[in-house]
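Report on the following structure.
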Amino acid sequence: MIRAGKISEISASTGDWLILDIGFSNRAASCGLMINQNPPLRLQFGETVDMICGIIAAATGAVNLVIEAPLSVAFDAKGNPKGRAIEKMGKHTRFWYTGPGSAVMLASLYLVNALEMMPGQREIRLFEGFVSFKEKRRKSDHLRDVIMLREMVDNPQSFADSIIGPDALKMDETDTLQSAFRIAGMDIGIPPVLMRNG
């Protein structure tokens, strides 16, 4: 069963943790994956899906999966795509429906679909990672990003202001939020967001 995780479940003690900075490339090792406290790995997309499916198949308890990609989407009152509150900082925006956000959301859709197709009833809890608004001189680093998100899992009290619940994702009260996977018939709910500025 795949469902949105809860803020109260963000703790190293709630099961295995897989933290993924997902990428979607034909040749590059565009994904960073951290499995519990092990050093993070740089993998291609297909390798990542296979590894995550294998880990979950072997798990005996709940598995917590953080994906650094938009896992929920927002629409305005007219049904047009709209940014979520976390996707705007001053004049800078990283909206889910433009640029890299839409590409990694698509990659996440294929990953979650593969998990949905797995036999068995183990619980998979999804959390959204959001490492953005990096300094211009700092290049994106998949391994660094997953380590930063793991720090939040290990010490959620220190990062309480950066763990955003579903109720705080709307920019306006009239906005509609929904699972990014609803379009594919997988309505898993709205996961909380673990947010770090790069």
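Read the figures in this text as sums done on the coordinates, not as results from a lab. Quick caveat, the model's predicted, so the values are computed rather than measured. Virtual Cβ from ideal backbone geometry, glycine too; neighbours counted across all protein chains shown.
Please report 150, 3 as a ranked list, fewest other C-beta atoms within 10 angstrom at the top and most at the bottom.
Values: 150 20, 3 13.
Taking fewest neighbouring Cβ atoms as first place, the list is 3, 150.
Of 142, 92, how do they rank once you tally other Cβ atoms within 10 Å and put the fewest first? Walk me through the numbers on the way to the answer.
Working: 142 23, 92 9.
Listing 142, 92 from fewest to most nearby Cβ atoms yields 92, 142.
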Next item on the list: Treat every Asp and Glu Cβ in the chain as -1 and every Lys and Arg Cβ as +1, leave all other atoms uncharged, and give the resulting dipole magnitude about the Cα centre to the nearest 20 debye.
Entry: 640 debye
Next item on the list: Between 38, 113, 64, find the one with the highest GNM mean-square fluctuation for the chain; connect C-alpha pairs within less than 10 Å.
Entry: 38
Note to self: What percent of all Cα-Cα pairs in segment 73-164 falls into each 5 Å bin, going from 0 up to the bin containing the maximum distance?
What the structure shows: 2, 10, 16, 20, 22, 16, 10, 4, 1, 0
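Note the full-extension length gain between residue 174 and residue 113 as 0.36 nm times their separation in residues minus their Cα-Cα distance, in nm to one decimal. Before the final figure, lay out each step's value.
Working: separation 61, 0.36 × 61 = 21.96 nm, distance 2.99 nm.
Between residue 174 and residue 113, full extension yields 19.0 nm more.
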Check: If each residue's Cβ is checked for other Cβ atoms within 10 Å, how do 82, 91 rank with the fewest at the top?
Finding: 91, 82
Notebook entry, point to check: Under a plain spin-label model, where a point goes 7 Å from the Cα along Cα-to-Cβ, how far apart in nm are residue 141 and residue 62?
Noted result: 3.2 nm
Margin query: Along each principal axis of its Cα atoms, how long is segment 2-197 end to end? Whole angstroms, biggest number first, please.
Written below: 44, 40, 38
Notebook entry, point to check: Relative to the present Cα-Cα distance, how much length would full extension add between residue 89 and residue 158 at 0.36 nm per residue of separation?
Noted result: 22.7 nm
Next item on the list: Using only Cα atoms, locate the centre of segment 76-123 and the centre of segment 141-198, then give the distance between them in Å, rounded to an integer.
Entry: 10 Å
Check: For the charge dipole of the chain, defined by +1 on Lys and Arg C-beta atoms and -1 on Asp and Glu C-beta atoms about the Cα centroid, which residue among 11, 195, 158 has the Cα displaced farthest towards the positive pole?
Finding: 195
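Find out how many positive minus negative residues lie around residue 64, taking Lys and Arg as positive, Asp and Glu as negative, among other residues whose Cβ is under 9 Å from that of residue 64.
It works out to a net charge of -1.
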Check: What is the gain in length, in nm to one decimal, between residue 26 and residue 50 on full extension, counting 0.36 nm per residue of separation less the C-alpha to C-alpha distance?
Finding: 7.1 nm
Next item on the list: Would you mind working out the magnitude of the charge dipole of segment 1-58 relative to its Cα centre, with +1 at each Lys and Arg C-beta and -1 at each Asp and Glu C-beta, to the nearest 20 Debye?
Entry: 100 debye
Notebook entry, point to check: Counting pairs on different chains as well as pairs 8 or more places apart, how many Lys pairs in segment 2-197 have Cα atoms under 21 Å apart?
Noted result: 13
